[in-house]
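Remarks on the structure that follows.
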Amino acid sequence: MFSLDLRDAVILITGGASGIGAACARAFVAEGAIVALLDRDEAAGNALKASLGEAALFVAADVSDEAEVVQAVARAAEWHGHLDALVCCAGVSGPVGTPITATSAEDWMRVLNINLGGLFNAAKHAIPWLEEGRLRSIVILASDSSFLAYPGMAPYSASKGGALMLTRSLAVDYPALRVNCICPSVVDTPMSRRDLGMTEAQMRASQFPVIKPVQIANHVLFLTSQVSAPVNATSVVVDFGYMARPSFPQPEFPQDA
């Protein structure tokens, strides 16, 4: 057994009120960390903060609004006088099943402003604090859409491709920090259920593999901690190995007895 040594570390989580962000918050608190939750959903954020008690702070903010992010980061950092890691989970899927010629400029900009602009805002204003922190780590939630283009989701795929390159750029520009991203396929979150038109029960019974939010949270904890100190400027694809498979039909091989 090894220790992640996250006790008393202050972790700022964007999109921390639900889905992967909420799973990360619970996992960090279970390891003794302190979490500052940044989200625009005040009801969900306050409810999660109440369930986590004194180990959590909730700050209402829209990641696409730089002025709001400036205030939120300052409040999170000043809460205990330091900021040790940033986990960026805030994001939207945008239009689903919509070709680019039918995508409005407003929808295009909304997805990029949240998914990519939100990363810019959070990193820009957290980095001065992180450089003085203990963990000095940023973990960005990207997607397998950073590599693969899903039909009818051009804004989302473009934003996640940008998230991958921003991860590498931040790692190059700020060598005192470690910056990595996680690129999962379908995760059982409210956003995924809504996009797929499926209930939670249907997601669990689906014929395609679905990742649990806590499984992504465990990866986030590992990449945040100093246990993963040599890992930097990289992307971790979490997709049950599907990206490694060819597109043509695969032969069946006899299994070992």
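Structural remarks
- Candidate set: the stretch 204-257, residues that are over 14 Å from the mean Cα position of the chain (by Cα) and hydroxyl-bearing (S, T, Y); chosen: the one modelled with the lowest pLDDT: S247
- For the stretch 1-11, the set of residues classified as surrounded by 23 or more Cβ atoms within 10 Å (Cβ to Cβ) and either touching a His at 6+ places or on another chain (Cβ under 6 Å) or over 22 Å from M191 (Cβ atoms) (or both) consists of L6, A9, V10, listed by residue number.
- Output for the stretch 1-44, where each listed residue is more than 17 Å from the chain's Cα centre (by Cα) and of a type in the set (D, E): D5, D8, E31, E42
- Taking the criterion of being farther than 29 Å from R136 by Cα and open to solvent by less than 60 Å² (accessible area, probe 1.4 Å), the residues of the stretch 189-206 that qualify are M191, S192, R193, D195, M198, A201, M203, S206.
- Looking only at residues of the stretch 145-155 that are touching a Phe, Trp or Tyr at 6+ places or on another chain (Cβ under 8 Å) and within 13 Å of S185 (Cβ to Cβ), we find that the one that is surrounded by the most Cβ atoms within 10 Å (Cβ to Cβ) is S145.
- Filtered residue count, the stretch 12-31, keeping only those that are among the hydrophobic types (A, V, I, L, M, F, W, C), in a helix (DSSP H, G or I), open to solvent by less than 20 Å² (accessible area, probe 1.4 Å) and within 15 Å of L57 (Cβ to Cβ): 4
- Among residues of the stretch 120-138 being among the basic types (K, R) and without any contact (Cβ under 8 Å) to a residue 60 or more places away in the chain, the one that is farthest from I11 (Cα to Cα) is K124.
Conditions tested, residue by residue: (1) under 23 Å from L164 (Cβ atoms); (2) in contact (Cβ under 8 Å) with a residue 24 or more places away in the chain; (3) basic (K, R).
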{"residue": "I13", "(1), (2), (3)": "yes, yes, no"}
{"residue": "V29", "(1), (2), (3)": "no, yes, no"}
{"residue": "G53", "(1), (2), (3)": "no, no, no"}
{"residue": "C88", "(1), (2), (3)": "yes, yes, no"}
{"residue": "V92", "(1), (2), (3)": "yes, yes, no"}
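- Some residue of the stretch 84-92 being over 19 Å from A61 (Cβ atoms) and not hydroxyl-bearing (S, T, Y): yes
- Condition check for A154: under 23 Å from V210 (Cα atoms), hydrophobic (A, V, I, L, M, F, W, C) and at pLDDT 95 or above: yes
- Condition met for G162 (farther than 23 Å from V227 by Cα and not in a loop (DSSP other than H, G, I, E, B)): yes
- Within the stretch 226-243, residues that are in contact (Cβ under 8 Å) with a residue 24 or more places away in the chain and over 16 Å from L86 (Cα atoms) reach partners that are among the β-branched types (V, I, T) and open to solvent by 50 Å² or more (accessible area, probe 1.4 Å) with beta carbons closer than 8 Å, at six or more positions or on different chains, in the pairs M243/V237.
- In the stretch 60-113, residue most open to solvent (accessible area, probe 1.4 Å) [restricted to those that are hydroxyl-bearing (S, T, Y) and more than 20 Å from A142 (Cα to Cα)]: T101
- Residue that is farthest from A244 (Cα to Cα) [pool: residues in the stretch 165-188 that are open to solvent by less than 40 Å² (accessible area, probe 1.4 Å) and part of a loop (DSSP other than H, G, I, E, B)]: L177
- Qualifying residues in the stretch 207-257 (those that are surrounded by 11 or more Cβ atoms within 10 Å (Cβ to Cβ) and aromatic (F, W, Y)) - the one farthest from L141 (Cα to Cα): Y242
The values are calculated or read from the model by the stated rules, or taken from the named source; none is laboratory data. This one's a predicted model, so the numbers in the text were calculated from it and none came from an experiment. Note that we place each Cβ from the backbone using ideal geometry, even for glycine, and neighbour counts take in every protein chain shown. Calculation scope for accessible area: heavy atoms of the full protein, side chains included, ligands and nucleic acids excluded. Shrake-Rupley method; radii C 1.70, N 1.55, O 1.52, S 1.80 Å.
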